[in-house]
Amino acid sequence: MDTYKQEVKEFSRNLIWKHSIESLTKNRTKSAILNEEYIDKLWNFVFKEGLLKYGLIESVNKNIFEDWKSFSKQIYQENKSENQLKVAYLCGPEPENDLKHIIELGVRIENVYAFEMEKDLYQTAIKSLKNTYPTLKIYNGKIDNFIKSTNVKFDIIYLDFTTPLFSRQSKAYQTIATLFENQALENLSSLIVNTSYPDKDEDNIDFLTSYFHYQSSYEYSVMNSTESEYQGRFVESNNCYGIYDKEEFKLIIEKNFNEAYSAFQTSFIINYSNHILPISNVIKNPITFKSIFQSNAEVFKKLIKDFEKSEDILFEPSEYSLYYFFQEIINGESSLKKDWKSFITKNDYNKHSLNDAIKFFYMQLSSGYDANFIKILSESLKKSLPEIMKNVPDSHFSEYSIFCDIPMIHLWLELAINQLGYPYHQNTKNHKRFSYKAKERKMCLDIFTFDQCRSLYDWLPMIEYYGEDLKIIERQMLTRICIDAISKHNINILDKQYYGSALIGTNEKDWATNHFFEDRTELD
């Protein structure tokens, strides 16, 4: 039998479980994106150094802020202990390898769920526990099916695959999508994803080339893996480098193949959890669909087609990666792209495919100041969004801008989609990335910390009252403060998430920094 007790694997387990468990217990407050320390500082900056200083308001109702902080503490469960954490992992034939770390760190075995799909490996796993951990629950089957059929929410999920993320064999990407679609992770949670680096063959090079060629930005190491000081740096689209031809870019991907896969694994998962998930959740649910859009699905489909053809849309391939990447998959000839095609075009979203959801999402981002997307919104939003814009206090200050950005109208639509669509925002500052050589293949490991930021989204009113509620200056500014906090984890990382939402510029204060991913650390 194959064994997974190599020294480097054991070392990685220790890193994984220690970081994940401590992030959700003793470091829980720091793991929250909407942590009180940052929100406090930005609240004081907004009112003391902004609105009050320039005479745009006469006084501040601090009770609104104090009430929000009380609600936020309730949402985040700030005193969660190790024995309250619920954990799931893919265990293989030797479940005790991970389990001993989990238990030593204080998690109760009753809160641990293990999964093994292969029948023979499952039987081996069962036998291995007879004299050690007989009370561990091991399920013989795919974790996807368990998640779909239960309402269990986990604090930590560890997906230890033996294939690449985009593999046709394991379809690991679908497992991750299923996890997010079924809200299997808690509001504040850790997702650990371990995959093998793929073979450098033509299909895999083409797939990664297609993914990054249309990115508005991507990790610098994809372009140049030899420069020693590229940590935190991003390439601002291939066009900026004069690379217009995909075949030319393919040579760069081939040269920096491992770096490209490393960046893909991190990027695709957060693109799915932040962008694809919320809009697809909204569109596939009839209740949320009619809250955001015109309720007739056929009318919506026609309008979205007209909208795509409109000359008013600034919709260039160099700026909107996922949309054009998905179009290449739909029309692609490689076996890998054909395998992904059903994942993207499956038609179970209220007569709309996942591709339709992506199409609309990037269209509304592309509208900018013109807000042409309003024509396909619900009557409530058609009324509320302009009403909010009329009551943005800093937009009436004409001498110069008080804050870094004055919000555009698309921000409020994005806010509404995220309120109803339940995204998982990544805490970039707390993200960890490693690689190591297993028995036969090099492995690529990401430890995500996700925050659904429900202390913002559940605190907002129902969409019909957006206009009335967000004209209250304290509520509007606190909403914008939270959006600023989320966006600080995503600049250059996600295409235009909460674009133009910064209240304070990067490094304007020593506590106002954008966050970036650290280099992937090689474990010896």
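Quick notes on this structure:
- Region 436-524 - percent of accessible surface contributed by carbon and sulfur, probe 1.4 Å: 48 percent
- Amide H contacts for LEU377 (H built 1.01 Å from N in the peptide plane; partners 5 or more residues away or on another chain; cut-off under 5 Å): GLN294.
- Between 0 and 90°, nearest 10: helix 36-46 axis offset from the chain longest Cα axis: 20 degrees
- About the centre of its Cα atoms, the chain shows a dipole size close to 1420 debye [charges on the beta carbon of Lys, Arg (+1) and Asp, Glu (-1) only; nearest 20 debye].
- Of all accessible heavy-atom area on region 216-301, the percent that carbon and sulfur account for (1.4 Å): 46 percent
- Scattering curve values for region 171-260, log₁₀ I(q)/I(0), Debye with Cα scatterers, q = 0.19, 0.20 Å⁻¹: -0.96, -1.01
- Burial ranking of peptide ranges 407-416, 80-89 (average Cβ count within 10 Å, highest at the top): 407-416, 80-89
- DSSP finds beta bridges in the chain, and of those with both partners inside it, around 50 percent are antiparallel.
- Those trypsin sites (Lys or Arg not before Pro) in region 456-524 that DSSP places in a loop and that have at most 13 other beta carbons within 10 Å: LYS509
- In percent, rounded to a whole number, the relative contact order of region 26-111 is 28, using alpha-carbon pairs under 8 Å and six or more apart.
- For region 1-118: accessible area per residue (Å², 1.4 Å): 49 Å²
- Isotropic mean projected area of the C-alpha convex hull, the chain (nm²): 24.5 nm²
- Relative contact order of the chain: 18 percent, from C-alpha pairs under 8 Å at least 6 residues apart in sequence.
- Charged neighbours of HIS489, selected by a Cβ distance under 10 Å, balance to +1 (K, R count +1; D, E count -1).
- Region 119-156 and region 265-297: distance between their alpha carbon centers, rounded to Å: 31 Å
- Stokes-Einstein D (µm²/s) once Rh is taken as the Kirkwood radius of region 2-68 over alpha-carbon pairs, at 37 °C in 0.692 mPa s: 209 µm²/s
- Gap separating the Cα centres of region 445-476 and region 1-68, nearest whole Å: 16 Å
- For region 129-187, the fraction of C-alpha pairs farther apart than 16 angstrom is 52 percent.
- Dividing the mean sequence gap of close Cα pairs (under 8 Å, 6+ apart) by how many residues region 422-524 holds gives a relative contact order of 35 percent.
- Across every pair of non-identical alpha carbons in region 220-296, the mean reciprocal distance, once inverted, gives a Kirkwood radius of 15.2 Å.
- Principal semi-axes of the equivalent ellipsoid, √(5λ) from the alpha carbon gyration tensor of region 1-128, are 47, 14, 11 Å from largest down.
- Take the Cα of GLU37, step 7 Å toward its Cβ, do the same at ILE330, and the gap between the two points is 4.6 nm.
- Cα-based helix-to-principal-axis angle, 172-181 vs the chain, degrees rounded to 10: 50 degrees
- Calculated P(r) of region 423-508 - Cα pairs past 16 Å, %: 65 percent
The values are calculated or read from the model by the stated rules, or taken from the named source; none is laboratory data. Predicted, not measured: the structure shown is a model, and the values here were computed from it. Cβ coordinates were reconstructed from backbone atoms using ideal geometry, including for glycine residues, and neighbour counts include every protein chain displayed. Ligands, DNA and RNA are excluded from the accessible area calculation, which covers all protein heavy atoms including side chains. Shrake-Rupley method; radii C 1.70, N 1.55, O 1.52, S 1.80 Å.
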